[in-house]
Structure formats: structure tokens, C-alpha cells
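Taken together, the values in this text are just the output of simple stated rules run on the coordinates, not laboratory data. Every value quoted in this text rests on a predicted model; they were computed, and no experiment measured them. When we count neighbours, we look across all protein chains shown, and the Cβ atoms used for this are built from the backbone with ideal geometry, even at glycine.
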Amino acid sequence: MKMVAPRSRRPYRMVARAAAAAATAERVMTVGAELFLDRPYESVSLEDVAHAAGVTVQTVLRRFGSKEGVVAAAAAVGVAKVRAERDRAPVGDIAGAICNLVEHYEAWGNRVLRMLSQEERVEPLRRITDAGRSLHRRWVARTFAPWLRGRARRRLPLLVAVTDVYVWKLLRRDQRLSRAATERALLELVRHVTGGS
């Protein structure tokens, strides 16, 4: 009678291990993003990230290499999320675009401002804020494209400026306007630049 060796379970274990490693990395990136967005960069340690993710510091280092590595990985995920949210803005609909923009700033504005306040001294955050500026400029160019044809050189910088997070801050935080009033003010500014309705 010929003995048949039991089939190896190794491929299954390798797939399960890879899935667990991916889930751990995702958890570290998620909690890392939350910590770095909510607190000054210097006050977040790898120990804080590891503890919040429920892993060891060695696990974080093995996967990301350093604190800067965690920031870079978390930023890539965050930028993709922001891009998806902002890309829902309708093209050629100024009111719809401003609604999208204010919704985004209500969720992310304070965190973005915190990053901007640290960008001069923290290089990993500077790379994120630079990516955010590029993303915003592309959003403006895409969303307001009908009003930029033949006039982009003059109008694009103005639209980038009047829809910037600092303008939202001036209206919403410094002037203490309501969300609706902030939206109306931004709408008026954009319509003034575009001549649109």
C-alpha cells in the first residue's frame, strides 16, 4: 500500500501571514496619521505609534524603518483619501465645488493648518504640505476648467488663493462665520474671479 504524504498547508499559512502583515501595516499607518495630524510632530514617538497600533516598536521599525517612514506611508494614504474626496467636486458647478471644498476644510482644515505651522522645521511634513499644494492646484484647474480656458495664466493663481485653507481659516475661525456664511463668502469670491454664476 502506497502512503500519500499529507498536503502541505504552507501556502495557506504564507497567505494568512501576508494578510496579517498587511493589516498590521495598515493599522500602523492609520494610527500614525491620526497621531501626526492631531499632535505636534516632535511630541509623537515611535512608542506612541506602536502602542496605539497594538504592536511593538520593532514591528514598526521593521515595516517602516523610522518615524519619517511612518509619516511618509501615512501621508500617501492620506493624500489618496483627500484626492478622492476632493475629486467628487463637480466640474463647472461653482456652488457644488465650494460645497465640496468647505466640507473638506471642515473635516481636515485644522489638521492641515497644524501641519503647515510645522513645515519649516519638519522636512517630512514639508513634503506632505507640498503635495497638498499641488493637489489643490490640480483640483482648482480641473474643477474650474470652464472659466480658465484662455485665461488660466491670470485666473488660476487667483482661484488657488481664494480657495486656500488660509482663506477658510480667516473666514471660519478668525471672523467666526458660520459654515453656511463661509460657504457664501467663498462662493462670492470665486464668482468674482471667474465672472461665473
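Things worth noting here:
- Both the radius of gyration and Dmax for the range 7-78 are 13.8, 53 Å, in that order, over alpha-carbon atoms.
- The packing ranking of peptides 55-62, 109-116, highest mean first, is 109-116, 55-62, where packing means the average number of other beta carbon atoms within 10 angstrom of each residue.
- Tensor-based shape of the range 87-197 (alpha-carbon gyration tensor, a/c under 1.5 rounded, otherwise prolate or oblate): oblate
- The GluC sites (Glu not before Pro) of the range 51-125 that meet both conditions, a loop assignment by DSSP and at most 11 other Cβ atoms within 10 Å of the site Cβ, are 120.
- What separates the Cα centres of the range 127-156 and the range 28-73 is a distance of 32 Å.
- Computed from point charges on the beta carbon alone (+1 for Lys and Arg, -1 for Asp and Glu), the dipole magnitude for the chain about its Cα centre is near 880 Debye.
- With contacts taken as Cα pairs under 8 Å and at least 6 residues apart, the chain reaches a relative contact order of 19 percent.
- Charge tally in the Cβ shell below 12 Å around residue 193, where Lys, Arg are +1 and Asp, Glu are -1, residue 193 excluded: +3
- The chain: C-alpha pair distances exceeding 31 Å, %: 35
- Estimated FRET transfer efficiency (residue 151, residue 176; beta-carbon r; R0 35 Å; 0.05): 0.55
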